[in-house]
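Take this structure first; my questions come after.
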């Protein structure tokens, strides 16, 4: 019979010649021993009823030092501090604290506490942009690893975020994860040592995987599903949804089907991360929640019962900045964002204005005689595409207007699926920056119409200079103001050609010590990140980018101002762009007088004499911004609502003078005597109001009250008492 004093957790004993520390055990007949200095994998389990007499658990202690061993006080103090810090992983309620390179904000512990209340971790974390969802996820990851709950994990994310996740894991957790995607898989396979049953998915325990590499339909999905890591973290989960109310094949659905197969295993740990869980479609929102608990797919979120709210709240958390700016007496210094419109005019006598008018006339006059309704709609898309390209920049206008050397042959009748959505209005999760020339080529233009475009392209080519382009001139003026104040701006453009053109103009008209670079989808993910990292070395820097950088990639440590050079036709895109720099961890900037500013300056460039710009700004963007300011909720318009935008654009195309007259000089919308525009105003207002009501309802349910602040404060106090607070550690 073993003496009970040898069973007390924390007791130093000797067993089979090894010094061990007794660990907690739920069974009185089982003694858990961890070798001193050993890992959890070396744990020894002793079953007392079968223990032989010669296998004794004996008392042990460290030899006391004598006076001859006295050494430097500083060395002793260093050893004392190191020993105290090493206790962090077993002190207080959390085991992960000793394995972090940072101290989390108090509010970031809430998802961790939610996870620890579950036997199998299943969470949808939907905190606001910039609040720190990555940190919240890695906290849970490290805690589960320290508790021995998981031994392997994979982060599934869009391909352009792989390096960012790999760096975050290395920096914050000291975990060396491998990136698995098409460009790295072969190299990783060559490093595998073992039999033929091993592959990249079961050989490497810590993975960052491009979700498109393993999504449904890919050749790699079966291998991934065969050896799924213990924990799956899905970043940008809103790109992996499926509208449960409709059936439509898309890339997002392929991603969803992968996650659906992963989630079928009831013992699979799963964390979904997104700042936009509700894109305006209830069906997609329910598909996300259904991944953490299939029961939620049948819930009516417009009329949840109290018990249903409580159940969902155990799996779903969504907090806005104002919920956590002051939490438990701890202030989180988010930057202050300011937004201003930056108008410009082309001047009615300018060559650029004349080009726009000619393109507008051409677009309105594209022949639809004798063609099907679907073909006519493709021609309408082509007209919109041309107008948008020309007003983006003369460089993009030239790209779109010039006649292709080899026109694509007519591919037959246009299908209903091709014209169901207007491709010129950006989708929710779309990051395309191409000139969409294929739409123009698909329009089936006549030889005469192609000749006209060719003539207009030569005019556009003659405008590619700052003297003839008031838009780029106005943008340059603002950039100079920011650079002179000590700020580092990002210029967001819609098209590749525009980004390259703007970057060229800036380089030619700014001092040589200003680092100006254009980043578009023409560069690989690795090349984009390399260029951005290189820019951090330049005291004066300007990034000209397309929407290939508008989602997921964090740029807050390098940039602090944004110029929307091209207005997005989907208002959700504005928030996605600004969220790259407006987030916790934004270091702020010092002006020339040494005064510190923690601000994000945002300027929206728009043409006062461009009816498309004016209507997009006045009808949708300003309305949404006013509601967000007054209600405090972020509004996301669903892709379904692009049809409303489509109607607005069509009306402007048909009646540009009327639209220009009604909107150009007014902040408040007033459609006057135009019944068509008046009807559209009502429709848009209703859509925005519906989106607001949904956002408010979701926020009011899950803001998150199921974890009381007092509980988090108690846990933090226990940690601080055991290992010291921040001030103690800094000393």
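The values are calculated or read from the model by the stated rules, or taken from the named source; none is laboratory data. Quantities reported herein were computed from a predicted structural model and do not represent experimental measurements. Cβ sites come from the backbone with ideal geometry, for glycine too, and all protein chains shown count toward neighbours.
From the list 169, 231, which one is in the same structural domain as residue 275 (by TED's automatic domain parsing), in contact (Cβ under 8 Å) with a residue 40 or more places away in the chain and surrounded by 17 or more Cβ atoms within 10 Å (Cβ to Cβ)?
Every option except 231 fails the conditions.
Test of understanding: among 447, 433, which residue is farther than 22 Å from residue 342 by Cα, without any contact (Cβ under 8 Å) to a residue 12 or more places away in the chain and outside the structural domain of residue 558 (by TED's automatic domain parsing)?
447
Also, quick follow-up: Among the residues of the range 448-461, is there at least one that is surrounded by fewer than 22 Cβ atoms within 10 Å (Cβ to Cβ), within 30 Å of residue 511 (Cβ to Cβ) and modelled with pLDDT of 85 or more?
Within the range 448-461, one or more residues are surrounded by fewer than 22 Cβ atoms within 10 Å (Cβ to Cβ), within 30 Å of residue 511 (Cβ to Cβ) and modelled with pLDDT of 85 or more.
Only one of (1) farther than 23 Å from residue 534 by Cα; (2) assigned to a helix (DSSP H, G or I) fails for residue 577. Which number is that?
Failing condition for residue 577: (1).
Would you tally the residues in the range 325-335 being under 22 Å from residue 560 (Cβ atoms) and either more than 20 Å from the chain's Cα centre (by Cα) or modelled with pLDDT under 80 (or both)?
Final tally of qualifying residues: 4.
Each row is one residue, and each column tells you yes or no for (1) at pLDDT 80 or above; (2) in the same structural domain as residue 475 (by TED's automatic domain parsing); (3) crowded, with 21+ Cβ neighbours inside 10 Å; (4) assigned to a loop (DSSP other than H, G, I, E, B).
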site	(1), (2), (3), (4)
307	yes, no, no, no
357	yes, no, no, no
371	no, no, no, yes
375	no, no, no, no
386	yes, no, yes, no
391	yes, no, yes, no
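Identify, from the list 557, 513, the residue that is surrounded by fewer than 17 Cβ atoms within 10 Å (Cβ to Cβ), out of contact with any strand residue (DSSP E or B) (no Cβ under 9 Å at 6 or more places or on another chain) and closer than 18 Å to residue 590 by Cα.
557
In the range 179-200, which residue that is in a helix (DSSP H, G or I) and over 25 Å from the mean Cα position of the chain (by Cα) is surrounded by the most Cβ atoms within 10 Å (Cβ to Cβ)?
Top of the filtered list is 200.
Could you tell me which of the residues 227, 303, 282 is at pLDDT below 95, more than 19 Å from the chain's Cα centre (by Cα) and within 23 Å of residue 140 (Cα to Cα)?
227
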